[in-house]
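A short write-up of the structure that comes next.
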Amino acid sequence: METLRLIIDWASVLAIPTIILLFIGYGGYKKIPVYEVFVEGAKEGFEVGVKIIPYLVAMLMAIAMFRASGMLDILTWLASPVTNLIGMAPELLPMALMRPLSGSGSLGVMSELMKTFGPDSLIGFTASTMFGSTETTFYVLAVYFGSVGVRKTRYAAPAGLLADAAGLITAVLVCQLWF
């Protein structure tokens, strides 16, 4: 078990530098001006960032209103019978409900859980795994689809929420088994 943990630690440390070096090496091999292409991409990224600011502000305001209104607490109470079936700690419900809405909001909830229960607790591990296993579905829909003018998202919301549910349930079950 300790050997596996050591291998995972080393793989996580080396993964990103290896990927970056592979991209640079492949670009050099193909004689692509890597730096110039990178700068051009960064310029386009900045332009997209400026376009999504109004959508981002609107989404963050809506999330702040959601939390301040007490609706998060009500949804937590309503969802507790379902989460008890899979053995999910009630303290994790705000994290599960906030994650599809906001990355920064769910990071705040996760930070509170870490302070209260500690990062090495089952709740700490599960909250971290939930954070990494799910997406900010409504944030993506509002900001990215809104910035390019997509009004009919078709199956994006149901598919994203289904993936989030699968990630949350799997995070709970795996953490119960692993830790």
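Which ordering of T136, T83 is given by a fewest-first count of other beta-carbon atoms within 10 Å?
On the way: T136 22, T83 18.
Fewest-to-most Cβ neighbours within 10 Å comes out as T83, T136.
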Summing -39500 (n - 2.57) over every DSSP H run of at least 4 in the chain, dividing by its residue total and rounding to the nearest 500, the 222 nm mean residue ellipticity is -26000 deg cm²/dmol
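Taking the Cβ of each residue in Y26, Y139, Y144, Y155 as the centre, tally the other Cβ atoms inside 10 Å and list the residues starting with the fewest. Don't skip to the answer; put the middle values down first.
Working: Y26 11, Y139 22, Y144 15, Y155 8.
Placing the least packed residue first, the sequence is Y155, Y26, Y144, Y139.
State the number of lysine pairs found in the stretch 26-179 whose Cα atoms come within less than 25 Å, restricting to pairs 8 or more positions apart or on distinct chains.
Total qualifying Lys-Lys pairs in the stretch 26-179 comes to 4.
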Per the Cα gyration tensor, the stretch 35-179 corresponds to an equivalent ellipsoid with semi-axes, largest first in Å, of 30, 18, 15
Cβ density ranking, 10 Å radius, fewest first, applied to T18, T153, T129 yields T18, T153, T129
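The numbers here are math on the coordinates, done by the rules we state, and not lab data. From a predicted model like this one, the values you see are computed outputs, not experimental measurements. Every residue, glycine as well, gets a Cβ built from its backbone with ideal geometry; the counts of neighbours run over all protein chains shown.
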